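Engineer: Once you've had a glance at the structure underneath, I'll fire off some questions.
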Amino acid sequence: MRQEKKIVFACLLAAALANEDAGVLRNEAEVNVNNFKYALELDNSVKVEQHGEQDGDAWRVAGSHSWTSPEGEGVSIQYVADENGYQVLSANPPLPTPPPIPEAIQRALAYIAAHPPQPEH
């Protein structure tokens with residue numbers, strides 16, 4: 001099985017297993033040699049859409065996921081994944097951001113960058 005087919009299968013399997021009691025409202029999938037697309041919508045508010053195209057050796061995949069949290073709030077994520085890695089384009093609620101790097105760590109990183117290890121002879 002080709003890598004992209006494994007990815008699509010894994011995503012659909014994960015969604016199905018995580019929502020064993022949910023009814024399927026829409027389940028569409030098309031997998032070709034150089035592209036794919038799928039959409040899954042469940043009656044418990046889960047919606048997943050993804051499409052991808054191969055450009056040479058690289059793949060560009062874009063998609064979105066949305067659902068309602070146990071607290072009743074809408075959650076959604078739109079993303080793209082390509083040769084630059086996975087990138088969230090938008091998220092609601094916004095994804096948490098890391099705290100700032102402490103000054104002592106910044107100084108240590110600057111020192112390491114200015115004094116790289118010498119090659120062993």
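Engineer: Just add up the charged neighbours of D43: K/R +1, D/E -1, any other residue whose Cβ is under 12 Å from the Cβ of D43. If you can, show how the numbers build up before the last one.
Structural biologist: On the way: positive: R26, K47; negative: D21, E41.
It works out to a net charge of 0.
Engineer: Also, I was wondering about something else. For the range 70-77, what does the Karplus curve 6.51 cos²θ - 1.76 cosθ + 1.60, with θ = phi - 60°, yield as ³J(HN,Hα) per residue in whole Hz, taken in order and with x for Gly and Pro?
Structural biologist: Listing the rounded values in order: x, 7, x, 8, x, 10, 8, 9 Hz.
Engineer: Moving on. With 10 angstrom as the radius, rank D57, D82 by how many other C-beta atoms surround their C-beta, starting from the fewest.
Structural biologist: D57, D82
Engineer: Test of understanding: ordering H121, H51, H65, H115 by Cβ neighbours within 10 Å, fewest first, what list do you get?
Structural biologist: By the 10 Å Cβ count, ascending: H121, H115, H51, H65.
Rule-based calculations on the coordinates, nothing more; no lab input. A quick note: this is a predicted structure, and the numbers were derived from the prediction, not measured. With ideal geometry, Cβ positions are generated from the backbone for all residues, glycine too; neighbour counts draw on all protein chains shown.
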